[in-house]
1. Hey, can you tell me all the residues within the range 117-128 that are at pLDDT below 80 and open to solvent by less than 30 Å² (accessible area, probe 1.4 Å)?
2. Only residues that are in a loop (DSSP other than H, G, I, E, B) and closer than 24 Å to Val158 by Cβ: list them for the range 383-424, please.
3. Just to check your reading of the model, which residue among Asn597, Asn582 is over 23 Å from Gly474 (Cα atoms), touching a residue at least 40 places away in the same chain (Cβ under 8 Å) and in contact with a helix residue (DSSP H, G or I) (Cβ under 6 Å, 6 or more places away or on another chain)?
4. Within the range 615-622, is even one residue open to solvent by 60 Å² or more (accessible area, probe 1.4 Å) and not aliphatic (A, V, I, L, M)?
5. Of the residues Val619, Val650, Val674, only one is under 20 Å from Ile574 (Cβ atoms) and touching a residue at least 12 places away in the same chain (Cβ under 8 Å); which?
6. Answer with yes or no whether Trp465 is touching a Phe, Trp or Tyr at 6+ places or on another chain (Cβ under 7 Å), touching a residue at least 40 places away in the same chain (Cβ under 8 Å) and either closer than 30 Å to Asn571 by Cβ or open to solvent by less than 30 Å² (accessible area, probe 1.4 Å) (or both).
7. Just wondering, is there one or more residues in the range 539-546 that are open to solvent by less than 70 Å² (accessible area, probe 1.4 Å), part of a helix (DSSP H, G or I) and on the phi < 0 side of the Ramachandran plot?
8. Considering only residues that are free of Cβ contacts under 8 Å to residues at least 40 places away in the same chain and either within 30 Å of Lys357 (Cβ to Cβ) or under 35 Å from the mean Cα position of the chain (by Cα) (or both), look in the range 284-302 and name the one that is surrounded by the fewest Cβ atoms within 10 Å (Cβ to Cβ).
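The values are calculated or read from the model by the stated rules, or taken from the named source; none is laboratory data. Here the structure is a predicted model, which is why all the values come from computation and not from measurement. FYI the Cβ positions are ideal-geometry reconstructions off the backbone, even for glycines, and counts take in every protein chain you see. These area figures cover heavy atoms from the full protein model, side chains too; ligands, DNA and RNA do not enter into them. Shrake-Rupley method; radii C 1.70, N 1.55, O 1.52, S 1.80 Å.
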Amino acid sequence: MARKGEAAASPYGEPRRFDPKFRGPIHNRHCTDVLCCVIFVVVILGYIALGIVAWVHGDPRKVAYPTDSYGQFCGQKDTPNENKTILFYFNILKCASPIVLINLQCPTTQLCVSKCPDRFATYIDMQSSYRYNKSYWEYYRQFCKPGFSKPWKSVAQVMRDEDCPSMIIPSRPFLKRCFPDFSTKNGVLTVANQTTFKDGRGKTRNVTDLREAAKYGFGINNVLDARSVGMKIFEDYASSWYWILIGLFIAMVISLLFLVLLRFIAGVLFWIFIFGVIGIIGYGIWHCYWEYHRLHGIPGSDLTIYDIGFQTDFRVYLQLRQTWLAFMILLCIVEVVVILMLIFLRSRIRIAIALLKEGSKAIGYIMSTLFYPIITFILTAICISYWAVTAVFLATSGEPVYKVMANQSLCKYANLTCYPETFNTTNVTKLCPGAQCTFAFYGGESLYHRYIIVFQISNVFVFLWLVNFAIALGQCTLAGAFASYYWVLKKPADIPACPLFSSFGRAIRYHTGSLAFGSLILAIVQLIRVILEYMDHKLKGSHNAFAKFLLCCLKCCFWCLEKFLKFINRNAYIMIAIYGKNFCTSAREAFFLLMRNVVRVAVLDKVTDFLLFLGKILVAGGVGVLAFFFFTHRIPVFTQEAPSLNYYWVPLLTVIIGSYLVAHGFFSVYAMCVDTLFLCFLEDLESHDGSTERPYYMSTSHPPGLRMLKKNRVTNFLAALCSCDVLTVVSQWLAKIIR
């Protein structure tokens, strides 16, 4: 049994001692983690240089425009192909799959045209009817090579040299390329209501051959159906964007109103929010049951989702009883989980509400903090935009690569690299009659092109680093502002002027290196997770069970590690904002402080997060319910104003997700405020005793919940919990790591 003197010795360090000179965030600071700051600046300069190099070598036109066999872009302005925006394939039967088509690697001549063929025709038929009807040739020649005007040339020579396609089939443009116009009629696959066609070489072939060439036709149909759905979704956005913005504005007003009211009636509001969420879920359960009961006896409603398969019109699923039954079961589970959490955590919820009241006071005195997420959003948007542009330019940095395309499979020069400028001077055409030097893909053999993949990985890594730095800067800035509120005895009289701006200046001037250090660690873990996700995608078709199991374990471990590092970094930034120490020292002190108060952290912090999450759900759910009634024309006053939509769920989901993100932006400030005040409160309890010489900095009118925390400073429950062998071993091991 430990002695009384030994009880003070803790594997988590000693409590912070009383400092009579401490008056909140230290202003007399020095730069921390200077080496990491220098590395961070050098990396940013290198990232800018990478973007410039990618901009010099890249060409986004390779993505925006298709490329024909001559390496020319279709539809590019001020070129002969300006009005020829679609890529046409001479013999689509040679193309193995749509992916090959999109990658421009189909082994047939590719030509830019102004429109796709709209009829079946063959070169043989055109030649036989040329003497009687020249208009037939005038239509057919637009799909031949430019300059070819000899319809009397022998068919064998034309087919060998690929001057004209042997056949044309009705097609429609997709991704700026001509694809067969597939359709299904009475369960039979057709093209222009025909099931057979002439291939121009004396054979009659079935439309299913086109389906095989276009990767089983139905796959193309699904893609084209998806395109049709995409067009309908675009139309819905075009007609409802104004109302979507109004919905997001309502979500912003509700979030702001909630944060303002929270200062005065936090407890009442949160209980309203809690029961409001329960009520919304309950309404959802009732509505699902009502729909389930209404569909009883309706023909076809008892079919299963498996029976009808995948449908692009999602309204079909809403006509099935099974769909509403599944929704009802899911909502019931969520309802039970929420109610059980409220029953078992009701006492801790009251304490969390007390913390939120203190947080609402801090935000009330520093209202500018509510708008700081806009700065984080702008910085993140800049990082995303720069990363995306750099990635596109890197991906299009390749030079055109030309390959020998020969009709004779025995030609030894087939698929070898060639150069159009010198191809006619070689003996390839003599040894392989009809061989052509055509564009294949974009690539290159230079040192720059060989390291494109390395540059792409570097682009992703620096992007993750910069995004995490922007988030870290926001957390440190907000923590410094709220700490300025807490560490004054007379609130709000002694709160420094412009605490948010001052905190931002301190973070940038003194702690860029520390913030970059913490962001770097997190970025490395996230990059590893990205690589693991890529490997998992590649192994989906593998039958190696051990490799899949190992990969799954690694993904789980690194996911947990990322969550742990985010928790450590967040609290480390709070300590940096208060005391101005380097990242490692701040992370260790924050971790030890939290471990000395492990019960409070484990319960109160998570309960607070849960309450704020309920607030987000209520804002998103409330606005979502309003949007649902509006877009389904169920509000009589706005029946005429509501737009007619193909899929009402398109603007509905947009409003719900957007409202949640808007609420999350405001509530994240509140969460940072509560975390900062909680950490300051724990420091306050350890270094002060409430006497005249060492008064508490907490508000003199702190709620009963905080008084309860103050009285139960060392609880029996904490002692019992720490006596658990497993927890002790784990805690000591983590403490050694932090040290």
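1. Met126
2. Result: Ala406, Asn407, Gln408, Ser409, Leu410, Cys411, Tyr413, Ala414, Asn415, Asn424.
3. On the way: Asn582 fails: over 23 Å from Gly474 (Cα atoms).
None of the other options fit; the residue is Asn597.
4. No, because not a single residue in the range 615-622 is open to solvent by 60 Å² or more (accessible area, probe 1.4 Å) and not aliphatic (A, V, I, L, M).
5. Val674
6. Values: touching a Phe, Trp or Tyr at 6+ places or on another chain (Cβ under 7 Å): no; touching a residue at least 40 places away in the same chain (Cβ under 8 Å): yes; either closer than 30 Å to Asn571 by Cβ or open to solvent by less than 30 Å² (accessible area, probe 1.4 Å) (or both): yes.
Against the criterion (touching a Phe, Trp or Tyr at 6+ places or on another chain (Cβ under 7 Å), touching a residue at least 40 places away in the same chain (Cβ under 8 Å) and either closer than 30 Å to Asn571 by Cβ or open to solvent by less than 30 Å² (accessible area, probe 1.4 Å) (or both)), Trp465 does not qualify.
7. Quick first cut of the range 539-546, residues open to solvent by less than 70 Å² (accessible area, probe 1.4 Å) only: 539, 541-542.
Now narrow it down to the ones that are part of a helix (DSSP H, G or I): none.
Looking through the range 539-546, none of the residues is open to solvent by less than 70 Å² (accessible area, probe 1.4 Å), part of a helix (DSSP H, G or I) and on the phi < 0 side of the Ramachandran plot.
8. Trp286
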